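To start, the structure under review is shown below, and the notes come after it.
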Amino acid sequence: MTSVHGSPEPGWYADPEAPDLLRWWDGTGWSDDQFRSKPEESFLVARLRSYRDLSPTAPNNMLATSSLVQALIEVLFTLGIVLVLRLFPSLLDGLTAATAILITVGVVLLLAVWTLITSAASVRNGRRNDGKRLRQAQVAFVIALIVFVLMVAVLLEVFPRWVSAEM
């Protein structure tokens, strides 16, 4: 806004000498009063704020979607492991390949446990928030449970062969 005389109306404006500060313009000149406006959020703070939606108690229950995506990725890894073991059973005869498979199975097993925990929290949150993404959370839980059972079965098959693998 400009006044009748063509100069800006009184108010807080960016300081011409220090753009990160605001300075009072009284309509005719700058005062000595300055203050720093609200600092802009750093990248890290903005990133951390974006994770609020993944809180187990967030009303939008985005954790359910995240859990479902995790569970689907775990299914792909589980299918890959099972397929490799069925097509190439001799891989378990070598220590290096058996160790790699055993580590992969362990990682997928841990991820399945994590997904069981997060999807269970999402189911609870969905029930508290009028069913918001409740179906996604339930599907994620069931998928993670199936992956967990399959990975335990694979672990029980692979571990004895890993112990007896040649060095």
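For segment 123-167, residues that are farther than 13 Å from LEU68 by Cβ and assigned to a loop (DSSP other than H, G, I, E, B) total 7. Is there a residue being over 15 Å from the mean Cα position of the chain (by Cα), aromatic (Phe, Trp, Tyr) and either surrounded by 14 or more Cβ atoms within 10 Å (Cβ to Cβ) or at pLDDT 95 or above (or both) anywhere in segment 145-157? Looking through segment 145-157, at least one residue is over 15 Å from the mean Cα position of the chain (by Cα), aromatic (Phe, Trp, Tyr) and either surrounded by 14 or more Cβ atoms within 10 Å (Cβ to Cβ) or at pLDDT 95 or above (or both).
The rows are residues; the columns are (1) surrounded by fewer than 13 Cβ atoms within 10 Å (Cβ to Cβ); (2) at pLDDT 90 or above.
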{"residue": "THR28", "(1), (2)": "yes, no"}
{"residue": "SER55", "(1), (2)": "no, no"}
{"residue": "ASN61", "(1), (2)": "no, no"}
{"residue": "THR65", "(1), (2)": "no, yes"}
{"residue": "ALA71", "(1), (2)": "no, yes"}
{"residue": "LEU83", "(1), (2)": "yes, yes"}
{"residue": "LEU91", "(1), (2)": "no, no"}
{"residue": "LEU102", "(1), (2)": "no, yes"}
{"residue": "LEU109", "(1), (2)": "no, yes"}
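The values are calculated or read from the model by the stated rules, or taken from the named source; none is laboratory data. In this text, all values refer to a predicted model and were calculated from it rather than measured experimentally. Positions of Cβ are backbone-derived with ideal geometry, glycine not excepted, and every protein chain shown enters the neighbour counts.
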